[in-house]
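The values are calculated or read from the model by the stated rules, or taken from the named source; none is laboratory data. Predicted model, so just to flag it, every value in this text is computed and none were measured. Cβ placement follows ideal geometry from the backbone for every residue including glycine, while neighbour counts extend to all protein chains displayed. Just so you know, the surface numbers come from the protein's heavy atoms only, side chains and all, with ligands and any DNA or RNA stripped out. Shrake-Rupley method; radii C 1.70, N 1.55, O 1.52, S 1.80 Å.
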Amino acid sequence: MKLRGFEKISAYKDADIVLPVRKTETSAGYDICLAEAVELAPGQSVMAATGLKAYMQPDEFLSIHIRSSMGIKKHLRLLNSVGIVDADYYNNPDNEGHIMIALENMGTETVRIAKGERVAQGIFTRYLTTDDDADTVKEKRSGGFGSTGRK
């Protein structure tokens, strides 16, 4: 039984991309690389492809954080501060659960990120719910990025 992990989305199944791994014994985060090279001018933002999707348990999510070296050395940040990938994002009908990294260049120089360069880290986390959570009717995910709450 699969508990949690990463897979390539079908569009990248034959691409030479690396599945995320932890680099040290006590690292919390799995390093996430880009599937394609990107270039960001100062002040520019981009949704960068990873070619990945993540599966996990229903009471878990994957948080996406910028790698500290990207923030400090290249002046990049995640546009949404922290990305949240819900368990039901996996294999959704819109984009198969493709994890995109929303990057913004806060520096004064153009930043080039090579294909395969580690830009973010993903941390699998369990979450808790409130006492009355079961009283709220929940929708089934019907789409991909930004689809919850969309009418």
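In the set (1) more than 17 Å from Ile123 (Cβ to Cβ); (2) in contact with a strand residue (DSSP E or B) (Cβ under 6 Å, 6 or more places away or on another chain), Met70 fails one condition alone, (1).
If you go through the range 67-89 one residue at a time, do you hit one that is aromatic (Phe, Trp, Tyr) and touching a Lys or Arg at 6+ places or on another chain (Cβ under 6 Å)? Among the residues of the range 67-89, not one is aromatic (Phe, Trp, Tyr) and touching a Lys or Arg at 6+ places or on another chain (Cβ under 6 Å), which makes the answer no. If you check Asn95 against the conditions, is it at negative phi, modelled with pLDDT under 95 and in contact with a strand residue (DSSP E or B) (Cβ under 6 Å, 6 or more places away or on another chain)? So Asn95 does not fit the description; no.
If you filter the range 6-23 down to residues that are assigned to a loop (DSSP other than H, G, I, E, B) and within 13 Å of Leu34 (Cβ to Cβ), you find that the one that is modelled with the lowest pLDDT is Val18.
Yes/no matrix, rows are residues, columns are (1) touching a residue at least 24 places away in the same chain (Cβ under 8 Å); (2) under 24 Å from Thr129 (Cα atoms); (3) β-branched (Val, Ile, Thr):
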| residue | (1), (2), (3) |
| --- | --- |
| Lys13 | no, no, no |
| Asp31 | yes, no, no |
| Ala49 | yes, no, no |
| Ile72 | no, no, yes |
| Ala87 | yes, yes, no |
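If you check Asn80 against the conditions, is it at pLDDT below 95, over 14 Å from Ala120 (Cα atoms) and either not in a loop (DSSP other than H, G, I, E, B) or not hydroxyl-bearing (Ser, Thr, Tyr) (or both)? Answer is no for this residue.
When Gly107 is tested against the conditions (1) under 12 Å from the mean Cα position of the chain (by Cα); (2) outside any strand (DSSP E or B); (3) surrounded by 12 or more Cβ atoms within 10 Å (Cβ to Cβ), the lone failure is (1).
To keep it simple, each residue is scored yes or no on (1) touching a helix residue (DSSP H, G or I) at 6+ places or on another chain (Cβ under 9 Å); (2) of a type in the set (Val, Ile, Thr); (3) open to solvent by 20 Å² or more (accessible area, probe 1.4 Å); (4) at pLDDT below 95.
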position	(1), (2), (3), (4)
Gly29	no, no, no, no
Ala37	no, no, yes, no
Pro42	no, no, yes, no
Ser45	no, no, yes, no
Leu52	yes, no, no, no
Gln57	yes, no, yes, no
Phe61	yes, no, yes, no
Ser68	no, no, yes, yes
